[in-house]
Amino acid sequence: MSDGLKLQGGCHCGAVQITVATPPAEVLRCNCSLCRKTGWRGGYWHPDQVTITADPDAQNAYVQGHESITLWNCKTCGSQTHWTPLTAPPDRMGVNMRMFDVADWQHLPVRDVDGASG
Ligand SMILES: [Zn+2]
């Protein structure tokens, strides 16, 4: 549910809660193998804008083959919640828009990203 500009959401079972300060300007629809298989819809923020609330043991970390990001998922329900960068400075992180109420983001512009060729 929204609270002003903030978006609040979380994984399916509720173990991982996510708050972002503002809606993203756009939603990214990437065609890389991971995004295709997980149904990911991405929003990007500076890490200062994102609050992840979860028990440290509640999440699994998956590092993709190219080792530039860590993809986090909930150990209990398996929801792919967000990714964090392994590269410094960590000026951008991503949240799966599917963790938010669809009414909060379905009106936003969608941009196709060719992650499969990258
Ligand atoms: Zn969960």
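Would you please report the Å³ per residue occupied by the convex hull of the alpha carbon atoms in region 14-75?
Details: hull volume 7.0 nm³, N = 62.
Each residue corresponds to 113 Å³ of Cα convex hull volume.
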If you roll a 1.4 Å probe over the chain with all protein chains in place, what percent of the accessible area is carbon or sulfur? 50
Sum of -39500 (n - 2.57) over DSSP H runs of 4+, divided by residues of the chain (222 nm, nearest 500): -1000 deg cm²/dmol
Taking every DSSP beta bridge that has both residues in the chain, what percent is antiparallel when rounded to the nearest 5? 85
Under a Cβ-only charge scheme (Lys and Arg +1, Asp and Glu -1), can you give me the dipole magnitude of the chain about the Cα centre, in debye to the nearest 20? 320
Kindly state, to the nearest 0.05, the FRET efficiency for residue 5 paired with residue 91, given R0 = 25 Å and r defined as their beta-carbon distance. 0.75
Once Lys and Arg get +1 and Asp and Glu get -1 on their Cβ, which of 35, 85, 12 lies farthest toward the positive end of the dipole of the chain? 35
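Can you compute the FRET efficiency between residue 26 and residue 57 using 1/(1 + (r/R0)^6), with r the Cβ-Cβ distance and R0 = 25 Å? Round to the nearest 0.05.
The calculated FRET efficiency here is 0.15.
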Rh (Kirkwood; distinct C-alpha pairs) - the chain, Å: 14.4
With every protein chain kept in place and ligands, DNA and RNA left out, what is the accessible area per residue of region 2-113? Probe 1.4 Å, answer in Å². 55
Spelling out what I want: for every residue of region 87-103, take phi, set θ = phi - 60°, compute 6.51 cos²θ - 1.76 cosθ + 1.60 (Karplus), and round to whole Hz; glycine and proline get x. 8, 9, x, x, 8, 8, 9, x, 10, 6, 4, 5, 7, 9, 4, 4, 5
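The values are calculated or read from the model by the stated rules, or taken from the named source; none is laboratory data. None of the values given here were measured: they were computed from a predicted structure. Because the Cβ atoms are built from the backbone with ideal geometry, glycine has one as well, and the counts that use them run over all protein chains shown. Protein only, heavy atoms only, side chains kept; ligands, DNA and RNA dropped before computing areas. Shrake-Rupley method; radii C 1.70, N 1.55, O 1.52, S 1.80 Å.
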